1. Looking at Leu148, Leu183, which is the one that is without any contact (Cβ under 8 Å) to a residue 60 or more places away in the chain, out of contact with any His (no Cβ under 7 Å at 6 or more places or on another chain) and not small (Gly, Ala, Ser)?
2. Being assigned to a loop (DSSP other than H, G, I, E, B) and closer than 23 Å to Leu185 by Cα is the filter here, so list the residues in segment 107-134 that pass it.
3. Go through the residues of segment 63-75 one by one and say whether even a single one is out of contact with any helix residue (DSSP H, G or I) (no Cβ under 6 Å at 6 or more places or on another chain), at pLDDT 70 or above and surrounded by 10 or more Cβ atoms within 10 Å (Cβ to Cβ).
4. Out of everything in segment 103-134 that is in contact with a Phe, Trp or Tyr (Cβ under 7 Å, 6 or more places away or on another chain) and acidic (Asp, Glu), what residue ends up being surrounded by the fewest Cβ atoms within 10 Å (Cβ to Cβ)?
Amino acid sequence: MKNKLLLFIIIAVLLTAGCSAGTETAWSEVERLEAEVAALNNEKDAAAEREENLRGQMAILQEELDECMEKIAGEIEPRFGGPSKTSPLEGNEWTLIDYYGHDLDGDGTDEITALYTSAERDASGEMMWDDGQDFILMITDGSDYYTLFKEFVQIGMVYFSIHGATDEAPAGVLTFVSTGAGLRLEKSTYNVEDGGYVIESVYDAGSLNVMYNSFPCG
């Protein structure tokens, strides 16, 4: 009987020791998992704070960009092409590319819009384009000359189109400047009060890496 009682006591002690060891192991695992969760929450909070800071910086940069764009737009004021008795072609050799006659000032008489370049033609009449050349777009009205465009264009071309008057808008000239770095579009319309052409920037693509365009050349 005493032997059986001793055996029960030994078994009870062993079971108690095993449960205690298992409990300690479980608590240690719980504490480890709680620490990992806390670390993940800290990382999440830090990431959220970084995201908020980045959004704030982006908002500031966007405001600065908007201000710059407004400033640039305000600085691009319309130019004025007034009459001159001296042709802008004088003093250099120019090659006529194209011209068109249309009444642009509403006086009932056609003015001549003509585009010239400093590039020359070969013996067969083909244009000999360089990497860059000067262009002049001008209007001739009797003895008066109006210069709409006069610039050196690098790796590019200048084109123009004429639009007639409508009920909504007067007649005018559109100037296209296509280069390897972008595209510009200007509109020129006659101003009766000032006696010349108001030249407005309609579109400027800014700096581009132009790989191809389908505009004809020459």
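1. After ruling out the rest, the residue left standing is Leu183.
2. Correct list: Ser118, Ala119, Trp129, Asp130, Asp131.
3. yes
4. Asp134
The values are calculated or read from the model by the stated rules, or taken from the named source; none is laboratory data. Remember, predicted model here, so these are calculated numbers, not experimental data. So basically every Cβ, Gly included, is an ideal-geometry build from the backbone, and we count neighbours across all protein chains shown.
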